[in-house]
Structure formats: structure tokens, C-alpha cells
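Each remark here refers to the structure printed beneath this line.
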Number of protein chains: 2
Amino acid sequence: MTAKPGRPPRAAKDIKRMRDKIAEQAMQIFQQDGFDALSIRRLAREVGCSPMTIYAHFDGKPEILRHLWGAVLGQVFAKIAEQLQGVEAPELRLRLAAQCFVAHWLEHPDQFRMVFMSSGVVRSDVASFMSGAATIGHFQTFMDLVAQTSVPKGEVKIRTEALIMGMIGVALSCNTIRDYPWGDPAEITDIMVAGVLRA
Amino acid sequence: MTAKPGRPPRAAKDIKRMRDKIAEQAMQIFQQDGFDALSIRRLAREVGCSPMTIYAHFDGKPEILRHLWGAVLGQVFAKIAEQLQGVEAPELRLRLAAQCFVAHWLEHPDQFRMVFMSSGVVRSDVASFMSGAATIGHFQTFMDLVAQTSVPKGEVKIRTEALIMGMIGVALSCNTIRDYPWGDPAEITDIMVAGVLRA
DNA sequence: CACTATTTTGTAACGCGTTACAATTATTCC
DNA sequence: GGAATAATTGTAACGCGTTACAAAATAGTG
């Protein structure tokens, strides 16, 4: 045997196990005590390691949050899929999905804040914080829904984007500009959907 | 004279002078070195007082930022007013205003971040951070523009809100979800305007 | 001037995310 | 077992926003 002496590097499965444990504990803290309770020191305590070790497994807090985003978005789109059960009309499906998407963020402002507004965590340039195939894959759900409507094929992508951006804007505005007497978010969402379908 | 002995409280004009000075220096730091450079300690140094004194004049950093928001939004809407000079057609006016609004935030991501994403500064519940009559007054600009179009009177408020929210969503998405191949923001804005006008 | 009341400041601290670096621990090979 | 190497941890620190509290400074009256 000519293997290198000394302690071996972490095995891939050990790395994954630890990362999953960290992400899992992060999610628990978040769900039990909210976003503000999710500090690195708190997380390290729950995991049973030192804060240093967190940084050995994740580049920093934003990367941890990215894992949580995946889980949260998974929930959102699972809920949407459930809402669409047995619904056939393409435009109704799109409308229900949009309503469901916006409603979720309004019902879970802490999640919204975590997913869409976490750039404040790092005092650096606004980072891309919704990267990942999984995230973009979820956006694909809306593009599929729009594609099934009467929207011309060449317009599907850009109209879907307008809708997604619009919905995010609804959630952001209602969650953050609280002293403005906004109208009903569901109605506003409908206006956006109607606009995307007919414009 | 039966005046109370001891040092008198600050006079209203002294309070205002100091607050203005703090806000002014904050804006200078922000414009020269960006949002991240705007720390309380830096600000106190520039003003020439201790960090404690900042807190004697402002409740905290968010309140200082609110002063800056007013100035930034004033710029945005002044630019919009300039763009609309000599433009008569109501729908074109709306479209240009919307384009100008979105373009501004895309050209000034640091400003966007300051105005729309500063909740991370305070580790508390998502605060209402665009309060103030001045802010809402600026939103009124869009409502007036929509009112001049063919949108039915009873629909003006809610459609304006859909547009405002949509535009904010465009800026947020383009500024933060950078690895997604978004289409042209100007085109997306046009879709939103068209949707609001015709839906 | 002394006295008084308010303002400002200094000092220290908290927890935050993060980094540097050395010591300790753990795991392998020989 | 010793040696080697990687992982983990302890200690300290940085600047951040913020707070507590006492000391120092200031601005007024008599």
C-alpha cells in the first residue's frame, strides 16, 4: 500500500451528511423561531460543532440559506400542484397557480424575507441569491402553465417572466410597504394574469 | 425671569439643523462609496460627533435611510417628469414613465438595494420601510398617469397598484436573480403596462 | 463665579457574520 | 507505538447596529 499517511480527507458521504445536518438544523431553527434566530452561532450549537466548522462546510450564511430556499420553494410548488389537481382549463390553472404563489408569501412573510431579501446578510454587492437549477426549474412550472394557454408561442417566455416578476413584486410590496392601503392582492394578481394572457 | 436653571433642551431649529447635517452626510457617503460604506460609525466621523449622538437624533439606521429614500425617490420622479416633457398621449406618457422608473433602478442597483431591501439592517420583523407621505405621494404620480388613460375610473387605483408592484418586481428580479436569463426589462415593462391598460 | 439641568461623549458591552491563526484532536500509514 | 496529515476547535479579533451607564462638557440662571 502506498497510500498517503495522515488523516484522510473527509469522504464525500461524510461531507454530504454534515451538510445535510447543518441544513436540517437551520430549517428547524427557522421554522421554530424565525429567520432572526438563525445565526451561525445558534446553528453551530444545535448541530453540536463550533461555528468554525460551519464555514468548513458552507462558504457562508448565504449558501446555507440557499439550501433553505430550495426546501421552501419546493413547498410552494407542491402546494400549487395540489391546488391544480383536477383543474383542466389552462387559464384557470394559471390563475390558481398565481394566486397560490402570492398567497403563500403573504401567509409566510418570514419565508419571503428569507428567500427574496437575504442580501442584507452579506454586506457586499447584491449577490445572485436565487441561483440553482432547482429554483429556475420551479419557474419553469409557470412557463408550462402559460404555454398551455392561448398566449402565442413566441411570447410565452417573456410573458411568464412578466408574471413571475409581477407576483414577486406583489409579495414584496404587501410584505414591506405596510402602511400603504394596497388593494386586494388576489385581485391585483388577477389583473397581472389577465394582462399576461391578453396583452 | 423665572426661567428654569440648567442647560436648556435643544431648540427645534438646532434639532433640525443637526438632523439635516446627518442626513446630508449620509447621502454623501452613500453616493461616494456606496451603501455598505454607510455605517453609523463612519457617519458619526463625517458629521464630527460620536455615534451616540446619531442615536440622539435618529431612532436608528432605518430612520436615517428613510431620509435618503425621500431624496432618491425625488430624483427618480424628477427624471420621469423630465422624460414626459412635451409628451401628450396618455398611454405613451404612462409607458415612458414606467420605463424610466424601471431603468433607474437597474442603473442604480445600490439605490434599489437601499430603498427596497434595507430590512436586513434591522434584525427584526419586516418593517414598513417606505412609509411617509412623500413616498406615497410619488406613487400618486403613476395613479394620475393611469387616470388619464382609457382605464375605467373604478379600476385606476388597483391597476396602478398592479403596475407599481410589477415594476418593483422587475427591478428586484433583475437586480437579484442575476443568473436567470431574463428577457429585456423594457419589454417586460411594456407587457405590464399593456396589461394594465387593456385587462 | 457656583449651581443646575441637558447634551454629548467615553467606555464597555451585546450578538451579528466572518476571518486569522495556532493548538488540539482525530485518523490514517508504517 | 510514532509520524504525518487533515479536521476541528479555541481564542481573538474585525466592523456591524445598538444599548447601558457614568463621566465630561455645555449652556443656561442667579
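Here are some notes:
- Residue check, B:Glu91 among the acidic types (Asp, Glu) and at pLDDT below 95: no
- Candidate set from segment B:3-17 (those that are of a type in the set (A, V, I, L, M) and either within 14 Å of another protein chain (Cβ to nearest Cβ) or away from DNA strand D (no atom under 12 Å from the Cβ) (or both)); member that is farthest from B:Ser39 (Cα to Cα): B:Ala12
- Test: residue in segment A:45-52 that is farther than 25 Å from A:His108 by Cα, surrounded by fewer than 14 Cβ atoms within 10 Å (Cβ to Cβ) and not hydrophobic (A, V, I, L, M, F, W, C): yes
- Looking only at segment B:118-149, residues that are small (Gly, Ala, Ser), over 14 Å from the mean Cα position of the chain (by Cα) and at pLDDT below 95 come to 3 in all.
- Here B:Gln25, B:Gln31 are screened, and the one residue that is surrounded by 17 or more Cβ atoms within 10 Å (Cβ to Cβ), without any contact (Cβ under 8 Å) to a residue 24 or more places away in the chain, away from chain A (no Cβ under 14 Å) and more than 12 Å from DNA strand D (Cβ to nearest atom) is B:Gln25.
- Entirely in segment B:1-109, the helices (runs of 4 or more DSSP H) that have 2 or more residues that are away from DNA strand C (no atom under 14 Å from the Cβ): B:12-33, B:61-83, B:90-107
- Within segment B:179-197, residues that are within 8 Å of chain A (Cβ to nearest Cβ) have Cβ atoms under 8 Å from residues that are among the hydroxyl-bearing types (Ser, Thr, Tyr) in these pairs: B:Asp179/A:Ser128; B:Asp179/A:Ser131; B:Tyr180/B:Ser173; B:Trp182/B:Ser173; B:Val196/B:Thr160, counting only partners at least 6 apart in sequence or on another chain.
The values are calculated or read from the model by the stated rules, or taken from the named source; none is laboratory data. What you are looking at is a predicted structure, and each value in this text was computed from that prediction instead of being measured. Don't worry about glycine lacking a Cβ; one is built from the backbone with ideal geometry, like all the others, and counts go over all protein chains shown.
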